[in-house]
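Presented below is the structure to which this report refers.
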Amino acid sequence: EKRKKKKELVLIDIRNTFEHAIGHFLHPTNNAPAINPNTTTFSSFDSKFCARNASSLANKTVLMYCTGGIRCEKASVMLKRRGVRDVYQLSGGIHEYVQQFGDGGFFKGKNFVFDQRVALSPSASATTTQQHINNEEESKTKNTIVGKCIECSTPYDTISGSILCTVCRD
């Protein structure tokens, strides 16, 4: 009896590069970071990423994620229009995932959020603003920092106008 060959699994972070730089999922089988489409705005995802990569993704299983799920809804349509059929997304995005799994899941680093908190570690994602301030102080010792300065490779996890650490920016 022939066994059905499993398709290669591809994990794509639909968010922008500055979001991916401070936090992302690790592939569950090889611990590699999710693919970064290298976009500065989501509006360029179709022309910059899908146009270049759809043919190589056509025979793979694509798992994608974003902050809350909205961009994934749109991105899955873009990929499907270009012939990628086996496309799935993380329901509720990173936001719901880290609420459920916290620091114990596959998401490492911080998640960019669209309010005054800016970026949250998984352990701080389901808290109020004051709890967030307290939890961020506590989580500095246990949170995985995944961002690196492009100049000196110092670990960083702060959203800024560049991907340079505070030392290299000054």
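The values are calculated or read from the model by the stated rules, or taken from the named source; none is laboratory data. Note that the coordinates shown come from a computational prediction; the quantities given were computed from them, not determined experimentally. As a convention, Cβ positions derive from the backbone with ideal geometry for all residues, glycine included, and neighbour counts pool all protein chains shown. Heads up: the accessible areas ignore ligands, DNA and RNA and are worked out on the full protein's heavy atoms, side chains in. Shrake-Rupley method; radii C 1.70, N 1.55, O 1.52, S 1.80 Å.
Within the stretch 54-71, the only residue that satisfies the criterion of being in contact with a helix residue (DSSP H, G or I) (Cβ under 8 Å, 6 or more places away or on another chain) and of a type in the set (S, T, N, Q) is T67. Contact map, the stretch 142-154: residues that are at negative phi paired with residues that are open to solvent by 70 Å² or more (accessible area, probe 1.4 Å) and at pLDDT 70 or above, Cβ distance under 9 Å, separation 6+ or inter-chain. Pairs shown: I145/P155; V146/P33; V146/P155; G147/P155; K148/P155; C149/P155; T154/K148. Being open to solvent by 10 Å² or more (accessible area, probe 1.4 Å), at pLDDT below 95 and among the β-branched types (V, I, T) is the filter here, so list the residues in the stretch 39-76 that pass it. Within the stretch 39-76, T40, T41, T67, I70 qualify. Report every pair of residues separated by at least 6 positions or lying on different chains whose Cβ atoms are under 7 Å apart, first residue within the stretch 79-107 and without any contact (Cβ under 8 Å) to a residue 24 or more places away in the chain, second in a loop (DSSP other than H, G, I, E, B). These pairs meet every condition: S91/G69.
Entry remark, the stretch 75-108: residues being within 15 Å of N16 (Cβ to Cβ) and either more than 16 Å from the chain's Cα centre (by Cα) or of a type in the set (A, V, I, L, M) (or both) number 2 in total. Only one of the numbered conditions (1) touching a Leu at 6+ places or on another chain (Cβ under 9 Å); (2) under 27 Å from I145 (Cβ atoms) is violated by N36, and that is (1).
So, A21, is that one open to solvent by less than 50 Å² (accessible area, probe 1.4 Å), under 26 Å from G102 (Cα atoms) and in a helix (DSSP H, G or I) or not? Against the criterion (open to solvent by less than 50 Å² (accessible area, probe 1.4 Å), under 26 Å from G102 (Cα atoms) and in a helix (DSSP H, G or I)), A21 qualifies.
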